[in-house]
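S.K.: Below is the structure I would like to discuss, written out as structure tokens.
Nothing in this text is a laboratory measurement; each read-out follows from the coordinates by a stated rule. From a predicted model like this one, the values you see are computed outputs, not experimental measurements. Virtual Cβ from ideal backbone geometry, glycine too; neighbours counted across all protein chains shown.
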Amino acid sequence: MNYIGISCGFHDAALSVVDDKGEIKFAAHSERYCGNKHTKHLNIGIVDDAIQYIDDRQDVEIHYYERPLMKYLRQLRAGEKPVIANISAKNIIGEGLIHKLTDGLGTKVHTHNHHLSHAAAGFQTSPFDDATVVVIDAIGEFDTISIWDAKYVNGKAVYKKLWGKRYPDSIGLFYSAMTKRVGLLPLDEEYILMGMAAYGKPKHYAEMYGDLLESSVDLDFKHNLHIGVTDNFLPNADDMDIASSTQCLVEYMISTVMDRARVLGKSKNLVYGGGVALNCLANRLLGDYFKNIWIMPNPGDAGSSLGSALLGYGGRVHFSNAYLGHDILGDYPVDNLITELLTKQIVGVASGRAEFGPRALGNRSLLADPRGNEIKDKVNEIKRRQKFRPFAPVILEEYTHQYFDMPNGFDNSRYMQVIATCRHPDLFPAIVHHDGTSRVQTVPNDGSGIRQLLEAWHETTGCPMLLNTSLNIRGEPMVNTRFDADRFEAIYGIKVLS
Ligand SMILES: [Fe+2]
């Protein structure tokens with residue numbers, strides 16, 4: 001049996017394949033095949049790629065990450081005008097693609113609760129036998145926050161919901177509303193708002209709190225923030241101060257949820273999922289509430305394609321890395337990358353399987369020598385993004401503590417999910433944010449290409465880290481194929497090695 005998990009129809013369409021031995025055969029983002037960032041549609045490219053990893057297309061189950069009818073009812077209640085055809089997961093995915101995936105057989109589509117798919121994506125990829133699972137996102141069908149007790153019984157994952165918050169009270173909608181308030185794109189540029197927080201002061205925290213929150217304990221909001229806040233909300237405030245105040249308030253709310261989860265849950269292990277789990281700045285607080293923490297590399301809705309496949313499979317998968325997407329064949333070009341780094345300081349790499357998740361983790365990365373004062377501007381020139389945004393470091397894991405102070409609860413940060421304080425900001429200004437923190441990726445001794453490269457770089461230069469940013473043309477998703485890499489080379493004049 002092959003379990004195909006699908007999330008699509010809203011944003012960030014994705015497809016995952018899990019076999020009956022619990023191996024994740026394939027997991028990828030639709031956007032990387034069509035070039036349309038955050039596309040809600042699947043396409044023939046991702047389906048063709050996935051098919052290579054399905055043993056028998058006549059022996060598959062298809063699992064969809066949410067319950068369309070429930071979502072339809074919520075949209076009706078919210079005064080939206082949902083499309084009636086969208087109460088069928090088959091319609092949303094597309095009959096043609098289902099037939100392609102099943103070799104013309106067609107099949108029933110199993111649907112799952114949106115937050116449960118998030119919970120499964122986290123718990124069944126985690127190393128834990130039991131966990132308290134917290135899901136925080138903008139909105140599922142009705143749920144916006146949920147807390148679960150999760151454990152295995154006879155090898156099958158069992159979930160018990162302990163607490164939940166429903167639409168329209170939503171931490172994720174609040175964050176998206178503030179993203180829109182400062183002129184950024186909601187459901188896309190929340191990470192920029194988070195980065196801006198370091199440049200402002202939380203001057204408007206009290207006002208924001210008073211104007212928006214009805215109950216700080218139960219997280220009831222005074223207004224439905226689904227449509228954003230009015231233009232009169234903090235009319236003269238500086239955008240950086242709004243970002244800082246927003247971050248403070250979201251951290252307060254996340255802490256409130258984590259405190260509740262610690263009291264309600266039986267386990268000291270936290271599994272955290274939903275789009276809000278991508279707030280790596282707020283994640284530094286999680287260790288104050290739980291001893292062990294797992295955030296899978298793709299905790300947003302795209303990751304729920306894997307979550308729904310795992311609900312079909314039922315058991316734990318042995319998750320070893322996030323390299324699960326399109327394959328660019330060949331050995332990782334370590335020697336040539338070192339040569340380029342030593343001579344040009346900057347080089348692209350597109351090798352092996354693409355990352356499943358929003359971060360480039362070394363297989364579709366733009367890499368640079370992180371030392372010195374000039375490299376940040378050089379890479380920014382290529383990336384053409386806001387000058388205030390620093391880049392991330394990728395480091396041999398055993399050197400992490402020599403260069404960074406990790407927050408409580410995090411020994412490593414393999415998927416760039418938490419910030420750490422850099423111990424030598426003067427030596428590495430390109431990878432340090434305004435507040436002295438870095439979004440660090442630590443690489444264990446796992447034989448991966450990026451590991452081999454870091455070892456060779458360390459041996460050659462004595463420096464155990466590189467600057468790492470995603471390999472993408474401005475406004476486009478990350479490079480996926482060799483063809484995309486060639487386009488990048490042609491546009492920016494930077495070599496991309498495979
Ligand atoms: Fe979600």
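S.K.: Being within 16 Å of the ligand (Cβ to nearest atom), over 11 Å from residue 134 (Cβ atoms) and of a type outside the set (Gly, Ala, Ser) is the filter here, so list the residues in the range 265-284 that pass it.
M.R.: Taking the range 265-284 first, the residues within 16 Å of the ligand (Cβ to nearest atom) are 271-279.
Filter again for over 11 Å from residue 134 (Cβ atoms), leaving 275, 278-279.
Residues satisfying the conditions are 278, 279.
S.K.: Does residue 444 satisfy the criteria of being closer than 27 Å to residue 334 by Cβ, surrounded by fewer than 18 Cβ atoms within 10 Å (Cβ to Cβ) and not acidic (Asp, Glu)? Before you say what the answer is, go through the steps one by one.
M.R.: Values: closer than 27 Å to residue 334 by Cβ: yes; surrounded by fewer than 18 Cβ atoms within 10 Å (Cβ to Cβ): yes; not acidic (Asp, Glu): yes.
When the stated conditions are applied, residue 444 passes them.
S.K.: Scan the range 378-404 for residues that are more than 16 Å from residue 474 (Cα to Cα) and of a type in the set (D, E, K, R) and jot them down.
M.R.: 397, 398
S.K.: Looking at residue 34 and the list (1) in contact with an Asp or Glu (Cβ under 8 Å, 6 or more places away or on another chain); (2) within 24 Å of residue 352 (Cβ to Cβ); (3) crowded, with 16+ Cβ neighbours inside 10 Å; (4) not small (Gly, Ala, Ser), which single condition is not satisfied?
M.R.: Tallying (1) in contact with an Asp or Glu (Cβ under 8 Å, 6 or more places away or on another chain); (2) within 24 Å of residue 352 (Cβ to Cβ); (3) crowded, with 16+ Cβ neighbours inside 10 Å; (4) not small (Gly, Ala, Ser), residue 34 fails exactly one: (1).
S.K.: Let me ask something additional. Only one residue in 60, 17 is in contact with a strand residue (DSSP E or B) (Cβ under 8 Å, 6 or more places away or on another chain), under 21 Å from residue 314 (Cα atoms) and surrounded by fewer than 24 Cβ atoms within 10 Å (Cβ to Cβ), so which one is that?
M.R.: Details: 17 fails: surrounded by fewer than 24 Cβ atoms within 10 Å (Cβ to Cβ).
Criteria check complete, one pass: 60.
S.K.: In the range 405-434, what residues are of a type in the set (Phe, Trp, Tyr) and more than 22 Å from the chain's Cα centre (by Cα)?
M.R.: 428
S.K.: If residue 287 passes every condition in (1) within 24 Å of residue 365 (Cα to Cα); (2) more than 16 Å from the ligand (Cβ to nearest atom); (3) within 20 Å of the chain's Cα centre (by Cα) but one, which one does it miss?
M.R.: Of (1) within 24 Å of residue 365 (Cα to Cα); (2) more than 16 Å from the ligand (Cβ to nearest atom); (3) within 20 Å of the chain's Cα centre (by Cα), only one is false for residue 287: (1).
S.K.: Further question on the same structure: Would you please name the residue that is nearest to residue 444 (Cα to Cα), looking only at residues in the range 465-498 that are assigned to a loop (DSSP other than H, G, I, E, B) and basic (Lys, Arg)?
M.R.: Here the residue is 495.
S.K.: Check the range 370-377 and report whether any residue there is crowded, with 23+ Cβ neighbours inside 10 Å and more than 20 Å from residue 456 (Cβ to Cβ).
M.R.: no
S.K.: Return a yes/no flag: does the range 203-217 have any residue that is more than 16 Å from the ligand (Cβ to nearest atom), of a type in the set (Gly, Ala, Ser), surrounded by fewer than 16 Cβ atoms within 10 Å (Cβ to Cβ) and assigned to a strand (DSSP E or B).
M.R.: So far as the range 203-217 goes, yes, one or more of its residues are more than 16 Å from the ligand (Cβ to nearest atom), of a type in the set (Gly, Ala, Ser), surrounded by fewer than 16 Cβ atoms within 10 Å (Cβ to Cβ) and assigned to a strand (DSSP E or B).
S.K.: Same structure again: Hey, among the residues in the range 142-194 that are more than 15 Å from residue 113 (Cα to Cα) and basic (Lys, Arg), which one's surrounded by the fewest Cβ atoms within 10 Å (Cβ to Cβ)?
M.R.: Taking the candidates together, the pick is 156.
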